[in-house]
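Read through the structure below, which is laid out as structure tokens, and then see the notes.
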Amino acid sequence: MLSEIGKGRPSAPLPVLKRGGMGLQRVLCMVSLAAALGACTHERNGPVSDHYADFQVDAPNKNTVSVCHAYTCKMRTKFRFTDADIDELRAIFKKVKKGDTAAEERRAVAYAVGWMETRVGKAIGTDKDRPGMDFEASGDPTQMDCVDESTNTTSYMLVMQNNGLLKYHTVGTPFSKDQLWKGVAGWTHWTAVLKETSNSQRWAVDSWIYANGENPAVVEVDKWYIKDLDSLPVAAK
């Protein structure tokens, strides 16, 4: 289902149901597909640059990012964070962190990602992005799927890293998991990654779950995956 790294662009994620569901016929078709495909964790051990190459997206250049939207990076819009924006990010880190620890740094990252999503969304129209994934929204420039979200979150964290805001972490390579035997609750899902420098613990930074501008969930990668639509990871606060 997912092409090997370096051997072509990874396949798009399969559709994930939002609350409210779809028609029975469509659900049955997707469940049949899931039963045939099985389950995988798509680990990606190469550099972060591989992810951008796979999805044909420009990696961040200093404070300029290429924002993915319209699902699976169909659309890519350049956005530059100004010096004033970087000063605001520094202020967020100082305000949010209650201690000089890796855990507090992750909290600050979550708040910073939420602020960056809001900043970018107002400029390019993705402020209307709804939580989760709506199958009918593919191609809509205001909407993002998990590939878009994981790519953008990675870019935003690289901007933080490039500006010296990360002391206890480095930005890791996005990866995906699926649990297709669970049917519509287990479609392929991508996440951005932070890697803790002291112990190499990786943390999923998942902004796909919530509406544009809300803090992402930050979860240990071994524990990260959407169990069902009523048991989503909690946004970092």
*From LYS128, LYS167, which residue is under 21 Å from GLN201 (Cβ atoms), charged (D, E, K, R) and surrounded by fewer than 20 Cβ atoms within 10 Å (Cβ to Cβ)?*
LYS167
*Pick from segment 120-148 the residues that are more than 15 Å from PHE79 (Cα to Cα) and part of a helix (DSSP H, G or I): which of them is farthest from the chain's Cα centre (by Cα)?*
GLU136
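Filter segment 53-88 for residues that are part of a strand (DSSP E or B) and touching a residue at least 24 places away in the same chain (Cβ under 8 Å) and give the result.
Step one: list which residues in segment 53-88 are part of a strand (DSSP E or B), which gives 61, 64-69, 75-80.
Of everything in segment 53-88, those that are part of a strand (DSSP E or B) and touching a residue at least 24 places away in the same chain (Cβ under 8 Å) turn out to be VAL65, SER66, VAL67, CYS68, HIS69, MET75, THR77, PHE79.
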_Condition first: surrounded by 15 or more Cβ atoms within 10 Å (Cβ to Cβ) and out of contact with any strand residue (DSSP E or B) (no Cβ under 9 Å at 6 or more places or on another chain). Now tell me which residues in segment 71-87 satisfy that._
TYR71, THR72, ASP85, ILE86
*Which numbered condition trips up ARG76, out of (1) under 17 Å from the mean Cα position of the chain (by Cα); (2) within 16 Å of PRO216 (Cβ to Cβ)?*
(2)
*Kindly provide the set of residues from segment 191-237 that are at pLDDT below 95 and aromatic (Phe, Trp, Tyr), ordered by number.*
TRP208, TYR210, TRP224, TYR225
*Filter segment 38-52 for residues that are among the β-branched types (Val, Ile, Thr) and either without any contact (Cβ under 8 Å) to a residue 12 or more places away in the chain or farther than 14 Å from SER155 by Cβ (or both) and give the result.*
THR41
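Considering each residue of segment 204-217, count those that are in contact with a helix residue (DSSP H, G or I) (Cβ under 7 Å, 6 or more places away or on another chain), surrounded by fewer than 24 Cβ atoms within 10 Å (Cβ to Cβ) and either within 11 Å of ASP145 (Cα to Cα) or of a type outside the set (Asp, Glu) (or both), and give that number.
Filtering segment 204-217 for residues in contact with a helix residue (DSSP H, G or I) (Cβ under 7 Å, 6 or more places away or on another chain) gives 205, 207-208, 212-216.
Applying the additional criterion that residues be surrounded by fewer than 24 Cβ atoms within 10 Å (Cβ to Cβ) yields 212-215.
Next cut, either within 11 Å of ASP145 (Cα to Cα) or of a type outside the set (Asp, Glu) (or both) only: 212-213, 215.
Residues flagged as in contact with a helix residue (DSSP H, G or I) (Cβ under 7 Å, 6 or more places away or on another chain), surrounded by fewer than 24 Cβ atoms within 10 Å (Cβ to Cβ) and either within 11 Å of ASP145 (Cα to Cα) or of a type outside the set (Asp, Glu) (or both) within segment 204-217 amount to 3.
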*Could you grab me the full set of residues in segment 88-112 that are touching a strand residue (DSSP E or B) at 6+ places or on another chain (Cβ under 7 Å) and closer than 17 Å to SER155 by Cβ?*
VAL109, ALA110
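The values are calculated or read from the model by the stated rules, or taken from the named source; none is laboratory data. Just so we're clear, the structure is a prediction, and the values are computed from it rather than from any experiment. Neighbour counts are summed over all protein chains in view; Cβ atoms, including those assigned to glycine, are modelled from backbone coordinates with ideal geometry.
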